[in-house]
1. Return the residues of the range 51-89 that are more than 20 Å from residue 4 (Cβ to Cβ), in a strand (DSSP E or B) and not hydrophobic (A, V, I, L, M, F, W, C); say none if nothing qualifies.
2. Please work out if residue 43 is of a type in the set (A, V, I, L, M, F, W, C), within 15 Å of the chain's Cα centre (by Cα) and modelled with pLDDT of 90 or more.
3. Would you point out which residue out of 50, 25, 36 is surrounded by fewer than 17 Cβ atoms within 10 Å (Cβ to Cβ) and among the small types (Gly, Ala, Ser)?
4. Among 5, 70, which is the only one that is surrounded by 12 or more Cβ atoms within 10 Å (Cβ to Cβ) and either free of Cβ contacts under 8 Å to residues at least 40 places away in the same chain or of a type in the set (Lys, Arg) (or both)?
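The values are calculated or read from the model by the stated rules, or taken from the named source; none is laboratory data. Nothing here was measured: the structure is a model prediction, and the numbers come from that model. Positions of Cβ are backbone-derived with ideal geometry, glycine not excepted, and every protein chain shown enters the neighbour counts.
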Amino acid sequence: MSRQLSFTKFEKELLPDFRQKINMAESSEDVKTFYARTSLALFDKAFDNAFSLEFNDIMLQPGNTEKYVLSDRLRSSPSFTEIWNTSDLPNILGRFTDVALNRYTHLEKHPEKTDSKIRM
């Protein structure tokens with residue numbers, strides 16, 4: 001039986017602030033930004049700042065079969081893939097992704113709310 005690393009502690013730390021920011025997002029671009037920043041914060045904690053992460057290392061992919069994409073740079077790193085494949089990080093990122101995509105979809109269906117906030 002293989003050992004699986006768990007990072008749910010970090011998820012629980014980040015989730016309340018993430019939900020608040022996502023709920024306050026005024027545009028779909030805000031959702032993508034908050035998602036990327038929170039995901040990078042999760043990875044920083046999980047990998048103990050072992051990587052120099054960049055904003056485009058994790059991107060939300062609304063409307064695609066892959067809900068998010070990880071950069072080639074991350075996926076090609078042996079130390080990243082080892083932890084990614086032996087931990088609950090994919091599940092945690094999936095839950096963050098679902099929250100972000102729900103808000104993204106809501107904002108895309110109701111652009112008048114975004115427009116009215118911009119005009120104010």
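1. Listed by number, the list holds a single entry, 68.
2. The answer is yes for residue 43.
3. 50
4. The match here is 70.
A quick yes/no check of all residues on (1) surrounded by 17 or more Cβ atoms within 10 Å (Cβ to Cβ); (2) touching a Gly at 6+ places or on another chain (Cβ under 8 Å); (3) of a type in the set (Val, Ile, Thr):
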residue: 44; (1), (2), (3): no, no, no
residue: 92; (1), (2), (3): yes, no, yes
residue: 96; (1), (2), (3): yes, no, no
residue: 102; (1), (2), (3): no, no, no
